[in-house]
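The values are calculated or read from the model by the stated rules, or taken from the named source; none is laboratory data. Here the structure is a predicted model, which is why all the values come from computation and not from measurement. Here Cβ is always computed from backbone atoms with ideal geometry, including for glycine, and neighbour counts include all displayed protein chains. Quick note on the areas: whole protein, heavy atoms, side chains included, nothing else; ligands and nucleic acids left out. Shrake-Rupley method; radii C 1.70, N 1.55, O 1.52, S 1.80 Å.
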Amino acid sequence: MLTRVKSAVAGFMGGIMSGGNSGGVGNTGSELPLKFPYMRPEFLGLSLDEIECSADHIARPILILKETRRLPWATGYAEVINAGKSALNEDQACCEVVVARRRPMSYCPPSTPSKTPTAKRRNSLPNGEGLGLRVDHSKLGEDSEGLVFHYWALFDGHAGSGAAIVASRLLQHHIACQLQAVIEILRNVASLPPTVLGEEPDNNPYFQGNTPGPHRALTRAASLRGASGAPGSPSNTPPPPRFFTEKKIQHESLVIGAIENAFKEMDAQIEKEKQIYNITGGCTALTVVYLLGKLYVANAGDSRAIIIRNNDIIPMSTEFTPESERQRLQFLGFMQPHLLGNEFTHLEFPRRVQRKEVGKRMLYRDFTMNGWAYKTVNDEDLKFPLIYGEGKKARVLATIGVTRGLGDHDLKVHDSNIYIKPFLSCCPEVKVYNLQQYEHGADDVLVMGTDGLWDVLSNQEVAEAVTTFLANCDPDDLHRYTMAAQDLVMRARGVLRDRGWRITNERLGSGDDISAFIIPLMYGNRQP
């Protein structure tokens with residue numbers, strides 16, 4: 001138990017443990033080749049020398065798009081490396097225009113639940129090469145064989161940059177794969193998605209819950225006597241339904257499902273390929289997909305997205321942390337106590353329970369509770385809590401501070417054989433914003449940022465900074481969003497002083513990696 005306490009304190013103070021092959025990250029796989037080499041986002045167009053120079057933990061230069069480059073929708077982007085927390089910038093980003101073309105579903109990895117081992121059920125995984133999924137901007141209107149979508153993504157790595165790099169190269173292809181199965185359905189906006197693929201939607205009113213005329217009055221007794229439409233009746237008229245049993249599924253639900261399955265497939269691919277490639281650590285994932293007039297914002301982790309529209313702030317994501325997902329995690333620990341390794345308790349107490357308090361009544365809560373109550377402390381309560389700490393220092397199993405993301409398949413509690421992955425979810429929350437419902441001006445934007453930004457700046461501070469900066473720019477200047485992103489990252493990083501990095505009012509600046517997209521919404525229905 002003393003070892004557990006030391007481990008927990010170390011995790012509480014410093015985050016994820018990296019203690020070698022026997023430590024918290026399991027086998028590092030350093031003898032295996034890399035799936036992809038370390039890189040900065042491809043759209044920055046940096047040379048190897050520029051990438052090396054950007055990894056300066058003292059100067060912390062802010063990287064932005066070169067003047068000769070432009071992202072879709074004139075999107076702005078900026079990033080800066082951490083102040084020494086890790087040797088490399090563990091954030092990754094991606095921005096592409098992708099086309100999902102009609103292909104047989106055998107082209108994509110399976111998305112349906114299966115108990116078959118991953119290694120046996122996958123014989124084809126996207127590798128990012130030769131897929132033909134990217135599209136030429138000048139030919140956006142010419143693709144009659146598929147669906148074109150815009151894609152932005154941020155990945156915040158931990159315990160290494162491997163998972164973030166792989167996800168930044170491949171997640172968009174998994175999304176395209178999942179959309180390929182429903183291309184025709186999504187294009188046919190006049191009809192709801194069929195319940196069974198290959199069957200035409202049945203427009204018969206008897207199956208729509210709108211039984212007309214005399215059939216409404218057909219009683220159970222009449223049906224048993226062989227009335228028209230009853231079983232055994234010579235009439236072919238179908239019987240009226242007694243209940244409306246079929247849900248009406250909207251098209252946007254298919255897109256949400258495609259994105260959710262893509263995250264699961266990406267996580268499964270990382271797990272499989274860790275056997276043959278050195279893919280370190282894990283990562284959070286925040287993606288935005290623009291498809292058929294709507295933005296789909298998917299988040300798994302503690303990055304954040306907000307929309308700034310007419311000076312209003314619209315949150316487009318929820319952070320998933322040990323505190324925000326306490327009840328889910330506690331329920332899992334309650335239902336499967338073996339995952340706690342006889343070293344942790346699923347219950348939460350205001351502080352660690354001491355042996356001298358056994359037999360006394362102490363405040364606690366479990367997965368069924370939002371409030372607190374008193375219970376009599378017993379020996380089981382002396383175990384280390386499943387969730388410990390507050391705010392940014394909260395940890396699951398004294399190890400990790402985020403509860404959703406990709407990777408982390410080998411992550412263990414320090415100096416133990418307790419795996420943490422069962423408590424981590426790769427499933428994102430997807431929120432939808434219909435761009436076509438609103439008129440957007442040049443200063444209406446969506447801001448995406450990793451937690452290095454939001455740790456030191458609130459939604460309101462970010463909105464004020466972006467709005468003020470854009471208001472002082474020429475509305476026709478397509479570089480204004482890049483410069484706004486640079487200004488935002490600079491505000492979060494701060495200025496290096498004798499006592500470290502400082503921002504407004506001498507508050508501590510962010511020592512974490514910071515990455516931010518600023519996406520103008522006015523281009524949702526027209527290209528710049």
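List of remarks:
- Filter result for Glu464 (at pLDDT 95 or above and open to solvent by 10 Å² or more (accessible area, probe 1.4 Å)): yes
- Filtered by the rule that a residue be farther than 14 Å from Ser458 by Cα, part of a loop (DSSP other than H, G, I, E, B) and modelled with pLDDT of 95 or more, the range 483-509 gives a lone residue, Gly494.
- The range 48-84: number of residues that are over 27 Å from the mean Cα position of the chain (by Cα) and within 17 Å of Ile165 (Cα to Cα): 2
- Residue within the range 170-191 that is open to solvent by less than 40 Å² (accessible area, probe 1.4 Å), touching an Asp or Glu at 6+ places or on another chain (Cβ under 7 Å), within 30 Å of Glu42 (Cα to Cα) and modelled with pLDDT of 90 or more present: yes
- Leu406 satisfies every condition listed in (1) in contact (Cβ under 8 Å) with a residue 12 or more places away in the chain; (2) surrounded by fewer than 19 Cβ atoms within 10 Å (Cβ to Cβ); (3) under 28 Å from Phe320 (Cβ atoms) except (2).
- Any hit, the range 326-335, residues being touching a His at 6+ places or on another chain (Cβ under 6 Å) and open to solvent by less than 10 Å² (accessible area, probe 1.4 Å): yes
- Only one entry in Asn299, Asn310, Asn342 is in contact with an Asp or Glu (Cβ under 7 Å, 6 or more places away or on another chain) and open to solvent by 50 Å² or more (accessible area, probe 1.4 Å), namely Asn310.
- When each of Glu260, Glu323, Glu348, Glu271 is tested for being in contact with a His (Cβ under 6 Å, 6 or more places away or on another chain) and open to solvent by 10 Å² or more (accessible area, probe 1.4 Å), the lone residue that passes is Glu271.
- Filter result for Arg365 (within 19 Å of Arg326 (Cα to Cα), under 19 Å from the mean Cα position of the chain (by Cα), open to solvent by less than 50 Å² (accessible area, probe 1.4 Å) and not hydrophobic (A, V, I, L, M, F, W, C)): no
- Among the residues making up the range 308-364, those that are farther than 23 Å from Leu406 by Cα and among the polar types (S, T, N, Q) are Asn310, Asn311, Asn342, Thr345, Gln354.
- Some residue of the range 431-446 being modelled with pLDDT of 95 or more, closer than 30 Å to Tyr277 by Cβ and either touching a Phe, Trp or Tyr at 6+ places or on another chain (Cβ under 8 Å) or open to solvent by less than 50 Å² (accessible area, probe 1.4 Å) (or both): no
- Strands (runs of 3 or more DSSP E) wholly inside the range 271-360 that include at least 2 residues being under 17 Å from the mean Cα position of the chain (by Cα): 282-291, 294-300, 304-309
- Filtered residue count, the range 473-513, keeping only those that are among the charged types (D, E, K, R) and either touching an Asp or Glu at 6+ places or on another chain (Cβ under 6 Å) or not assigned by the TED database to the domain that holds Phe155 (or both): 1
- Inspection of the range 311-320 identifies at least one residue that is in contact with a Ser or Thr (Cβ under 6 Å, 6 or more places away or on another chain) and touching a residue at least 60 places away in the same chain (Cβ under 8 Å).
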